[in-house]
Amino acid sequence: MKAQFVLIIIAVLAGAVLPVQVGLNVQLGKSVHQPIFAAFASFLVGTIGLFMYLLVLKFDFSTLGLTKTVSPVVWIAGLLGAFYVAAVIMLAPKLGTALTFVLVVAGQMTVSLVLDHFGLLGLPVKQINWQRLVGVAFLVVGVLLIRKF
């Protein structure tokens, strides 16, 4: 139970840092008049940070050869991450941070329900039920309220 609580806290923190990251990236993009550069810089700094973390963990880089065994489709994840970061950098100044993120969360929840329902991408099956659909409906209502006010 305690381990799950720690995981929940980490998940909330991960979500909490995203709007801050977007705000900082928007500032960088405005300073150079190019939001895509901000996304590039974000990934570059993140890549350097992750590489340093792997060094601290004493990661066995000889295992990189094992990546040859994965489907080439998994490498699309990096492009999806780049699309996400670039999109929110461009959208936040136009829609506002709250509306941007409530729309992002609505999209995440919708696709998450489909992935869970069909067990896609190797995820465990968790059927769509009325309670989950009500949760998505609340998100839609939240989008409408945030957009209106």
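Quick notes on this structure:
- Total residues in region 123-142, condition within 23 Å of Leu80 (Cα to Cα) and at pLDDT below 90: 2
- Residue in region 99-106 that is in the same structural domain as Gly142 (by TED's automatic domain parsing) and on the phi > 0 side of the Ramachandran plot present: no
- Some residue of region 127-144 being loosely packed, with under 11 Cβ neighbours inside 10 Å, outside any helix (DSSP H, G or I) and aliphatic (A, V, I, L, M): no
- If you filter region 96-149 down to residues that are among the β-branched types (Val, Ile, Thr) and in contact with a His (Cβ under 8 Å, 6 or more places away or on another chain), you find that the one that is farthest from Pro19 (Cα to Cα) is Val125.
- Complete set of residues in region 82-126 that are within 23 Å of Leu28 (Cα to Cα) and exposed (fewer than 13 other Cβ atoms within 10 Å of the Cβ): Phe83, Lys94
Residues are listed down the side, and each one gets a yes or a no for (1) in contact with a Cys (Cβ under 6 Å, 6 or more places away or on another chain); (2) within 25 Å of Val12 (Cα to Cα); (3) not assigned by TED's automatic domain parsing to the domain that holds Gly15:
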position	(1), (2), (3)
Leu50	no, yes, no
Leu64	no, no, no
Val73	no, no, no
Ala86	no, yes, no
Leu123	no, yes, yes
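The values are calculated or read from the model by the stated rules, or taken from the named source; none is laboratory data. Computed from a predicted model, the values in this text were never measured in an experiment. As a convention, Cβ positions derive from the backbone with ideal geometry for all residues, glycine included, and neighbour counts pool all protein chains shown.
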